[in-house]
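Structure first, then comments.
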Amino acid sequence: MSVHQLTPLPVVIPLLTAAAIVITSFAPRRVHDVMATGAGLASAVLCAVLLAHAGERPIVEWLAGWHPHQGVAVGIALTVDQLGAGAALLAAVVLTAALVYSWTYFDDEVDVMVCALMLVLGAGLIGICLVGDLFTMIVFFVLTTVAAIGLTAVENEHSGPLQGAINFAVVNSIAGFSLLFGAALVYGRTGALNLAQVGMALGQHHADALVGVGLALLVFGLLTKAGAAPFHFWLPDAQAVAPTPVSAVFAGAMAPVALFGVARLLATAFAPSLASHESALRTVLVGVGAFTALLTAIACAEQRHIKRMLAFATASQVGAMLCGIGLLGDDALAGAALTAAGFGLAIAAMFGASGVLIRRFSSTDEFELRGCGRDLPLTTTTFVIGALVVASVPPAATFYGTWLIAEGARDVGYDWLPVVLALSAALTAGTILRVAARVFAGWGADAPAEPAVASEDRSQEQSSQEEEGDGATSPRPPRVLAIVPLLLVVAAVVLGAIPGFADSVQSGAAHFRDVHSYTGAVLAGRAPHYAAPSMPSLGAAPWLYAGATVLGALAVAAAGLRGRRLWPMPLVDGLRAAHSGHVGDYVVWWTFGMAALGGLVLWAVAG
Amino acid sequence: MSFLPFAVAAWLFVAGLYGVVTSRHLVHLAVCLTVMQSATYLALLSVGYVRHGSAPVYADISPVTTAVDPVVHALTMVDIVVEATVTALVLALAVQSMKRFGSVDPDRIRSLRG
C-alpha cells in the first residue's frame with residue numbers, strides 16, 4: 001500500500017467517526033470520547049506520515065483514479081506538499097488536544113454533539129490543507145463554517161453564545177458566497193478548477209479586471225475566516241463565547257488553516273498571471289496584515305474578559321502571518337508557517353488554560369479573578385510561556401518565524417514592517433503577561449472606577465456558570481484541563497528547538513512557492529526540480545528583536561497593571577463602538593472592506 | 001455568454017447584502033442570505049451555459065451534441081445543499097433567540113460589545 005492511498009484518510013476517518021458517534025448516541029459518553037480522540041489521533045499520525053513522505057515531491061492522489069488526460073485535469077486531486085501536510089498536522093494536533101480536553105469539560109448530554117461536530121470541523125480544516133482543487137477547498141471551507149456555527153452555539157440557552165453564533169453564521173456565510181462567486185468567475189475564464197490547471201490557464205494571458213475581481217473575492221473570503229481587519233469583527237464575539245476547547249480549535253487551527261488557503265491560492269492558481277504585479281499586490285496584502293496586527297493588538301490590550309483578550313491576540317497574530325504570506329517571498333512564507341506552528345499551539349494552550357479558570361471560579365473577568373489563581377502553578381506556567389511564545393522568545397518556533405518575516409520584509413525594502421510587528425507582538429504579549437500577573441499573582445491595581453463600559457464586555461460564559469451559585473468556587477477542576485494546555489505550549493517551544501526544523505520549513509516554503517514544479521507534479525506527474533533554497537543566516541538582529549519585544553511586553557504589562565493607558569481615549573472609544581456586536585454593522589464593515597480592498601487589488605492587478 | 005446574467009447576479013448579491021445589513025428580523029435575515037446565495041447559483045449556471053446546448057445527459061443523444069457544462073450544475077447542487085444547512089442553522093438560532101431574548105431583532109440582541 002503506497003502512501004498515496006493514505007492521502008484521503010485524514011479527512012475521511014474523522015468524518016466517518018463523527019457519523020458513527022451520532023448513530024451510536026445512546027452509548028455511554030466514554031465510548032464517544034474514545035472514538036473521537038482515537039479518530040483525531042489517527043488523523044494526526046496520518047498527517048505526520050504524509051509530512052514525512054512529502055519532502056521529495058508533492059504527493060498527488062487523483063481520487064477514484066481519474067488521472068489527467070493529456071495534461072488536462074478531469075478528476076479531483078489531493079495535493080500534499082510539506083507545508084500542506086504541516087498545516088494539516090497542526091490542525092489535527094490541536095483538534096486531538098481539544099478532544100482530550102473535552103473529556104472532562106462538558107456535561108454528558110452535550111458531549112455527543114460536541115465530539116461529532118469537532119470531528120467534522122477538524123476534517124474540514126485538514127481537508128483545506130490537502131486539496132489541490134478550488135471547489136473542493138470551498139466545500140471544506142463551508143463544511144468548517146457549518147460545524148463551527150453549531151459549536152459556537154452549543155451553550156445556546158444563554159444570550160452571548162447565541163449572539164456570537166449568529167454573527168459568526170452570517171459573516172462567514174457571506175464569506176462563503178464570495179468564495180463561490182470568485183470560483184465561478186475563475187472557472188468561467190479558465191474552464192478549470194484544479195489549482196495547477198487554473199494557474200496554467202490564467203498564466204497564458206495578462207491579468208485583467210476579471211482576474212483581479214476573482215482574486216479579491218477568493219482571498220478576502222478566506223481572510224474573513226482567518227480574521228483579518230476589517231473582516232475580523234465576528235472573531236472576538238465567537239471565540240469569547242464558544243466553549244473553551246472549541247475556541248482553542250478556532251484560534252489554534254481555523255485561523256492558520258484559512259491563511260494557508262490564501263497562501264495556496266497565491267502560490268498556485270494566481271502565481272503565473274500575477275508574476276508581473278507582485279509589488280503592487282504585496283503592498284495591499286502587507287498593508288492589510290500590518291493594519292490588522294496593530295489595530296487588534298490595541299483592542300487586545302483594552303480587554304478585561306480573558307477569552308476576548310485571547311481572541312484579539314489571535315487576530316493580531318493573524319495580521320503578522322498575513323504579512324509573511326503577503327510579502328510573496330520564500331523566507332517570509334516560511335516565517336509565516338513557523339509563526340503559525342508556534343502561535344497556533346500556544347494560543348490553543350492559553351485558551352485551554354483560561355478554561356481552568358472558568359471551571360474553577362465561574363468567571364473570565366481579569367479583575368474579578370485578581371489573585372484567584374495563586375494555587376494553579378501549571379496554568380500559570382502555561383500563560384507565562386504562552387506570552388513568551390507570542391513575544392517570539394528563542395527557542396520558540398515563533399522566534400524563527402518572526403526573524404524570517406523580518407528578513408523577507410528587508411529583502412523588498414519594507415524596513416518599517418518588523419517594527420510594526422514587534423510593537424503589536426509586544427502589546428499582545430504584554431497584555432497576556434498583565435492578565436497573568438493580576439490573576440495568578442494578585443499584582444496590580446483594582447478595577448478601574450469606570451466599570452460602566454467594561455461590565456458590558458463580559459460574556460455570558462460566566463452567567464452560564466452562575467446557576468451553580470454566584471461567585472462560588474467550584475472544586476478543583478480535573479488535572480487534565482491543566483496538563484493538556486501545558487503540553488501544547490511546551491510543544492510550541494520544543495518545535496523551534498528541534499535542530500533543523502526551521503531549515504526544513506524554509507525549504508518546504510520554497511518548494512511550496514515553486515509553481516512550475518507544482519504544476520508539473522500535478523498535471524504531468526513530473527519529478528520536481530527544486531532550486532536549492534538560499535538559507536539566510538541567523539545574525540544578531542533577531543536576538544535584539546526578540547529582546548526588544550520582551551522588554552516592550554514587560555513595559556506594557558507594567559503600565560497595564562498600574563491602569564495606565566498608552567493611547568488616547570477617543571481611539572479606544574472608537575474601537576469599542578466599532579465592535580458593536582450588531583450583525584448588520586459587521587456586514588457593513590465586510591462590504592466596506594471588500595469594496596475598498598477589492599478596489600485596491602483590482603488596481604494592483606489590472607492597473 | 002451574455003453579460004446580463006452576471007449583472008443580475010451582482011444585483012442579487014448587493015440587494016441581499018443590503019437586506020442583511022438593514023434587517024430587523026432574523027428570519028428576514030435568513031431569507032436575505034438565500035437571496036445572496038442565489039446570486040452565486042446564477043453566476044455558476046451562466047458560466048456553463050451554451051447557446052442551443054442540450055441537457056448534458058448523453059444516454060439518448062449523440063455524444064457529439066453540444067451540451068451545457070455539467071460541472072457547474074454539480075457545483076450548484078453542492079451549493080444548494082450547503083445553503084439549506086446554513087439556513088436551517090440560522091433559523092434554529094432565530095427560534096432560540098426568540099426564547100431567550102424575547103426578540104428576533106438584531107438591534108435588541110446585544111450582550112457582546114467592545
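Values in this text are rule-based calculations from the coordinates and carry no lab data. On a predicted model such as this, the values are computed, not experimentally measured, just so you know. Counting neighbours? That spans all protein chains shown, and the Cβs are built from the backbone with ideal geometry, glycine included.
What is the Cα centroid distance between region A:300-363 and region A:93-166, reported in whole angstrom?
Centre-to-centre (Cα) distance: 18 Å.
Report the FRET efficiency, 1/(1 + (r/R0)^6), for A:A540 and A:D107, where r is their Cβ-Cβ distance and R0 is 51 Å, rounded to 0.05.
With a Förster radius of 51 Å, E is 0.45.
Please name which of A:L369, A:V393, A:F312 has its Cα lying farthest along the dipole of region A:296-437 towards the positive end, using unit charges on Cβ (Lys, Arg +1; Asp, Glu -1) and the Cα centre as origin.
It is A:L369, whose Cα lies furthest towards the positive end.
Taking the 0 to 90 degree range and rounding to the nearest ten, how far is the long axis of helix A:108-130 tilted relative to the main principal axis of chain A, both from C-alpha atoms?
Approximately 30 degrees, to the nearest 10.
How crowded by other chains is B:70-79, given as the mean number of beta carbons from other chains within 10 Å of each beta carbon?
3
Just to confirm the number: angle between the C-alpha axis of helix A:417-436 and the first principal axis of chain A, 0 to 90 degrees, nearest 10?
It is inclined by approximately 30 degrees.
For region A:9-112, state which GluC sites (Glu not before Pro) are in a DSSP loop and have at most 15 other beta carbons lying within 10 Å of their beta carbon.
The qualifying sites are A:E56.
For the charge dipole of the protein assembly as shown, defined by +1 on Lys and Arg C-beta atoms and -1 on Asp and Glu C-beta atoms about the Cα centroid, which residue among A:H277, B:A10, A:L423 has the Cα displaced farthest towards the positive pole?
A:L423
Between helix A:330-361 and chain A, what is the angle of the helix's C-alpha long axis to the longest principal axis, kept within 0 to 90° and rounded to the nearest 10?
Relative to chain A, helix A:330-361 is tipped by roughly 30 degrees.
B:Y58 to A:W66: FRET efficiency via 1/(1 + (r/R0)^6), r the Cβ-Cβ distance, R0 22 Å, to the nearest 0.05?
Rounded to the nearest 0.05, the efficiency is 0.80.
For chain A, what is the calculated [θ] at 222 nm in deg cm²/dmol (nearest 500), taking -39500 (n - 2.57) for each run of four or more DSSP H residues and dividing by its residue count?
-23000 deg cm²/dmol
Taking each residue in A:160-167, count the Cβ atoms of any other chain within 10 Å of its Cβ, then average. What number comes out?
What the average comes to for A:160-167 is 6.
How much length is gained on full extension from A:V31 to A:W416, taking 0.36 nm per residue of separation minus their Cα-Cα distance?
Once the chain is fully extended between A:V31 and A:W416, it gains 133.2 nm.
Nothing charged except the Cβ atoms of Lys and Arg (+1) and of Asp and Glu (-1): what's the magnitude of the dipole of chain A about its Cα centre? Round to the nearest 20 debye.
680 debye
For the protein assembly as shown, what value does the Rg/Rh ratio take when both radii are computed over Cα atoms and Rh is the Kirkwood radius, given to two decimals?
0.95
How far apart, in nm, are the 7 Å Cα→Cβ label points at B:W11 and A:V49?
5.5 nm
How many partner chain Cβ atoms sit within 10 Å of a residue's Cβ in peptide B:95-108, on average, as a whole number?
Counting Cβ atoms of other protein chains within 10 Å of each residue's Cβ and averaging gives 3.
Within region B:29-45, which residues have the backbone N less than 19 Å from the label spot 7 Å out from B:A88 along Cα→beta-carbon, could you tell me?
In region B:29-45, the label zone of B:A88 (backbone N under 19 Å from the point 7 Å along Cα→Cβ) covers B:30-35, B:37-38.
For region A:88-151, what is the largest minus smallest coordinate of the Cα atoms on each principal axis, given in angstrom and ordered from greatest to least?
So the extents along the principal axes, rounded to whole Å, are 39, 22, 11.
Kirkwood hydrodynamic radius for region A:188-320: how many Å is it when counted over pairs of different Cα atoms?
By the Kirkwood definition, the hydrodynamic radius is 15.8 Å.
Using the beta-carbon distance between B:T66 and A:A280 and R0 = 45 Å, what value does 1/(1 + (r/R0)^6) give for FRET efficiency, to the nearest 0.05?
The calculated FRET efficiency here is 0.65.
Taking the Cα centre as origin and putting +1 on Lys and Arg beta-carbons and -1 on Asp and Glu beta-carbons, what dipole magnitude results for region A:245-399, to the nearest 20 debye?
360 debye
Could you calculate, for region A:1-64, the ratio of the Cα radius of gyration to the Kirkwood radius, expressed as Rg to Rh?
1.10
Using a simple spin-label model with points 7 Å from Cα along the Cα→Cβ vector, what separation in nm is obtained for A:R565 and A:W443?
Taking the two extended label points, one gets 2.3 nm.
How would region A:272-402 be classified by its alpha-carbon gyration tensor: rounded, prolate or oblate, with rounded meaning a/c under 1.5 and the a/b versus b/c comparison settling the rest?
Note, shape of region A:272-402 comes out prolate.
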